[in-house]
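Peer 1: My questions all concern the structure below.
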Amino acid sequence: MRSQKSLLLIGLVVALTGCNYSYSQVQQPSPAPELKVVTTFLPMYWFAKAVVGEAQVEILIPPGTEVHEYQATPANVSAIAKANVLVKNGINFEQFLDGTVKSAQNSQLKEIDASANIEPLAGNPHVWLDPVLAKQQVANIRDGLIAANPKNTATYQTNATTYIQKLEKLDTEYKQRLQKYPTCTFISFHDAYPYLANRYQLKQVAVVEIPEDQLSPTDVQKAINAVKQYKAKAIFGEPGVDNKLLKALSQDLNLTLQPLDSLETGTLDPQYYFKAMQANLKVLENACK
């Protein structure tokens, strides 16, 4: 009799366990779909990726591609059509974007303008080169992502705080190392550095766009006049660009040509921002001595 009761009890436990297993399988909710985030170009990718964390983030413009004159591709349209969020720099930098978003026909798309509430300098879009304004861009991206996906608020806040703290440290280092050189003036042939110069009491003199083939006498004279007028200490070109015209011009001006990075090329690691900005700080410091 005891043996029969034991068998009955075992059977009951198995039956109940089976029922529970089936119930949990049926009732378990499916995971929420991952937020699909698309960014325009490299700094926006870095900032968004730093805030999002492990989730995937796409970039529309490959690093090293000229952003100012970029033409959208069908793959760009497709990416935006499938995205939940689009992160852009704004200040009319991504001129290809309006038509591309329209073509994507994604009525659910949320656009995050990383430069919202940032006062532009003469319409110049290169705000990411100022660590203080970069902090504001990261905060704008954080707030936009929280609005789009409130369930991940804690993650976005924590990740943004970590990145912003590094930006604050970078800003402090720039101030400490460049305050010795007030009103240091430099010439750049990419008008990318007014925010950086304004933040740290430097002066950028953007003289002339370098043509593809040859400098005109007028181009050379403009540069020479600017050096004399502003007593410029440095001339900056883009890193990795072997421009013989710039080299020749720097020799005419008796100034050393040095690379200053506008951060439109580099790796996809969000920490690359700090590596490139540290390199820029070293270049500025040496040029202003």
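Residues checked against (1) touching a Cys at 6+ places or on another chain (Cβ under 8 Å); (2) at pLDDT below 95; (3) not assigned by TED's automatic domain parsing to the domain that holds Phe236:
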{"residue": "His126", "(1), (2), (3)": "no, no, yes"}
{"residue": "Leu133", "(1), (2), (3)": "no, no, yes"}
{"residue": "Gly144", "(1), (2), (3)": "no, no, yes"}
{"residue": "Thr155", "(1), (2), (3)": "no, no, yes"}
{"residue": "Cys184", "(1), (2), (3)": "yes, yes, no"}
{"residue": "Ser188", "(1), (2), (3)": "no, yes, no"}
{"residue": "Arg199", "(1), (2), (3)": "no, no, no"}
{"residue": "Val207", "(1), (2), (3)": "no, yes, no"}
{"residue": "Glu212", "(1), (2), (3)": "no, yes, no"}
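Peer 1: How many residues are touching a residue at least 12 places away in the same chain (Cβ under 8 Å) and under 22 Å from Ser107 (Cα atoms) if we restrict to region 144-165?
Peer 2: 6
Peer 1: Output the residues belonging to region 221-243 that are modelled with pLDDT of 75 or more and either of a type in the set (Val, Ile, Thr) or assigned to a helix (DSSP H, G or I) (or both).
Peer 2: Scanning region 221-243 gives Gln221, Lys222, Ala223, Ile224, Asn225, Ala226, Val227, Lys228, Gln229, Tyr230, Ile235.
Peer 1: Take the residues of region 73-97 that are of a type in the set (A, V, I, L, M), surrounded by 12 or more Cβ atoms within 10 Å (Cβ to Cβ) and over 19 Å from the mean Cα position of the chain (by Cα): which is nearest to Leu145 (Cα to Cα)?
Peer 2: The selected residue is Ala81.
Peer 1: Report, by residue number, each residue of region 103-143 that is part of a helix (DSSP H, G or I) and either without any contact (Cβ under 8 Å) to a residue 60 or more places away in the chain or among the charged types (D, E, K, R) (or both).
Peer 2: Ser103, Ala104, Lys135, Gln136, Ala139, Asn140, Arg142, Asp143
Peer 1: Thr100 - would you say it is within 15 Å of Thr39 (Cα to Cα), crowded, with 16+ Cβ neighbours inside 10 Å and over 16 Å from the mean Cα position of the chain (by Cα)?
Peer 2: yes
The values are calculated or read from the model by the stated rules, or taken from the named source; none is laboratory data. This one's a predicted model, so the numbers in the text were calculated from it and none came from an experiment. When we count neighbours, we look across all protein chains shown, and the Cβ atoms used for this are built from the backbone with ideal geometry, even at glycine.
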